[in-house]
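The values are calculated or read from the model by the stated rules, or taken from the named source; none is laboratory data. A quick note: this is a predicted structure, and the numbers were derived from the prediction, not measured. In this analysis, Cβ positions are derived from the backbone assuming ideal geometry, glycine residues included, and neighbour counts consider all displayed protein chains.
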Amino acid sequence: MPLDPQARAYMDEVMKLGFAAPRTVTPDEWRAQAPIRAAHFNIQPPPIAKTEDRAVPSPEACPDEGRGDIPIRVFTPDAPGPLPILVHYHGGGWVIGSVEASDNLCRAMANATPCIVVSVEYRLAPETRFPGGLEDCYAATKWVAEHGEELGGDPSRLAVGGESAGGNLAAAVALLARERGGPKIAFQVLIYPVTDANFETDSYTEMAEGYGLTRDTMQYFWDLYLADPAHAADPLASVLRADVAGLPPALVVTAEFDPLRSEGEAYAEKLKAAGVPVEHVAYPGQIHGFFNVGTMMEAGDKAVATAARSLAAALAPQAASATSR
């Protein structure tokens, strides 16, 4: 299918902003582009019943100088509880992105499911390299499982999810939960996830440049994320190399014109081969990032609604009870 016209229009608008290439600016300068982009597109946040900024204790598993608690933002829709809970990890290549930047998406998922969404402000690379940010995500998820009732949620119906690097972190948190004996996760929402530090896949070759996210940018993200190139083989970084038996059911979303398409497809297939229930939804004509650009792409709005339906079905009381047995 040809590139979606709305996707092309979005990329053209981003190009007009004239942002510098990632390798030519510092991570802080790169991060400062996010509010400029948001202001340019003037995306209005959907209303939601309640948001609350809180903090959870930092993990002890990965000590780091000057660490404070982990900030989280809790999104609660206007729906009878106790509600299922989605712990969300934002995208941005482990280097950029924030709870603030993913606010619109979290509101939309909370309203559409409905569920409580807990968005995690994990530490970013290169200031904190692998596995520091992942340990933050795991610690926050463990806290939510232990304190979800305080938020009006049902911790027995707990999911993890994210886009791109956030999808990588969600998959890795599910692996850690299995290895460490908890918390019990009922579902994974993996939106065009990063799953492998392999830049020779079909989609990396076909979409190396010209579709927003580039192969060079992803290589740069990985360089900043990993303290040692040997960590690329670690299954908690390249989750495609993990033993995935016994993981919770998953939704995997991929986009046709995304450099990460092949590794997302491969992860969905690996989960299926291991007997993990998987729903893989491929979006023709779409680019990386289409899922979380608000109302600028009709396909993105539809994809969020579809993901919310899958999440709601997976976290229905009967479904979550069956998964936990």
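Residue 321 is checked against (1) crowded, with 19+ Cβ neighbours inside 10 Å; (2) hydroxyl-bearing (Ser, Thr, Tyr); (3) modelled with pLDDT under 95 and fails just one. What number does that condition carry?
Here residue 321 meets the rest and fails (1).
All but one of (1) out of contact with any Pro (no Cβ under 8 Å at 6 or more places or on another chain); (2) surrounded by fewer than 22 Cβ atoms within 10 Å (Cβ to Cβ); (3) of a type outside the set (Val, Ile, Thr); (4) within 22 Å of residue 95 (Cα to Cα) hold for residue 265; state the number of the condition that does not hold.
So residue 265 meets the others, but not (4).
For a quick check of your reading of the model, give me the residue pairs whose first member lies in the stretch 121-148 and is within 15 Å of residue 31 (Cα to Cα), whose second is β-branched (Val, Ile, Thr), with beta-carbon atoms closer than 6 Å and at least 6 apart or on different chains.
121/99; 124/95; 125/95
If a residue counts only when it is within 21 Å of residue 303 (Cα to Cα) and touching a Gly at 6+ places or on another chain (Cβ under 7 Å), which strands (runs of 3 or more DSSP E) contained entirely in the stretch 1-115 have at least 3 such residues?
Details: elements: 50-56, 70-76, 83-89.
Here the list reads 83-89.
Please go through the stretch 121-166 and give me each residue that is of a type in the set (Phe, Trp, Tyr) and under 19 Å from residue 97 (Cα atoms), ordered by number.
Initially, the stretch 121-166 is screened for residues of a type in the set (Phe, Trp, Tyr), giving 122, 130, 138, 143.
122, 130, 138, listed by residue number.
Determine the pairs where a residue that is under 11 Å from residue 107 (Cα atoms), located within the stretch 33-59, has a partner that is surrounded by 15 or more Cβ atoms within 10 Å (Cβ to Cβ) and among the aromatic types (Phe, Trp, Tyr) with Cβ atoms under 8 Å apart, the partner being 6 or more residues away or on another chain.
Taking only residues 6 or more apart or on different chains, the pairs are 48/75; 50/75; 51/75.
Return only the number of the condition from (1) surrounded by fewer than 17 Cβ atoms within 10 Å (Cβ to Cβ); (2) free of Cβ contacts under 8 Å to residues at least 60 places away in the same chain; (3) farther than 29 Å from residue 28 by Cα that residue 246 does not satisfy.
(2)
Please go through (1) surrounded by 24 or more Cβ atoms within 10 Å (Cβ to Cβ); (2) within 13 Å of residue 89 (Cβ to Cβ) for residue 139 and return the number of the only condition it doesn't satisfy.
Every condition holds for residue 139 apart from (1).
From 299, 274, which residue is exposed (fewer than 15 other Cβ atoms within 10 Å of the Cβ) and more than 23 Å from residue 217 (Cα to Cα)? Before you say what the answer is, go through the steps one by one.
Numbers: 299 fails: exposed (fewer than 15 other Cβ atoms within 10 Å of the Cβ).
Result of the check over 299, 274: 274.
Being of a type in the set (Ser, Thr, Tyr), out of contact with any helix residue (DSSP H, G or I) (no Cβ under 6 Å at 6 or more places or on another chain) and under 29 Å from residue 219 (Cβ atoms) narrows it down to one of 128, 76, 51, 141, so name that one. Talk me through it step by step, then tell me what you get.
Working: 76 fails: under 29 Å from residue 219 (Cβ atoms); 51 fails: under 29 Å from residue 219 (Cβ atoms); 141 fails: out of contact with any helix residue (DSSP H, G or I) (no Cβ under 6 Å at 6 or more places or on another chain).
So the residue among 128, 76, 51, 141 that is of a type in the set (Ser, Thr, Tyr), out of contact with any helix residue (DSSP H, G or I) (no Cβ under 6 Å at 6 or more places or on another chain) and under 29 Å from residue 219 (Cβ atoms) is 128.
Conditions: (1) polar (S, T, N, Q); (2) under 22 Å from residue 87 (Cα atoms); (3) modelled with pLDDT of 95 or more. Residue 219 meets all but one. Number of the miss?
Failed condition: (2).
Considering only helices (runs of 4 or more DSSP H) fully contained in the stretch 151-235, which possess at least 3 residues that are at positive phi and surrounded by fewer than 24 Cβ atoms within 10 Å (Cβ to Cβ)? Outline the logic, then answer.
Details: elements: 165-180, 202-206, 215-225.
It comes to none.
Just to verify a result, which residue in the stretch 69-99, among those that are charged (D, E, K, R) and modelled with pLDDT of 95 or more, is surrounded by the fewest Cβ atoms within 10 Å (Cβ to Cβ)?
Initially, the stretch 69-99 is screened for residues charged (D, E, K, R), giving 69, 73, 78.
Now narrow it down to the ones that are modelled with pLDDT of 95 or more: 73, 78.
Values: 73: 20, 78: 11.
Here the residue is 78.
For the stretch 207-226, give me each residue that is over 20 Å from the mean Cα position of the chain (by Cα) and without any contact (Cβ under 8 Å) to a residue 24 or more places away in the chain.
Initially, the stretch 207-226 is screened for residues over 20 Å from the mean Cα position of the chain (by Cα), giving 207-210, 216.
The answer is 209, 210.
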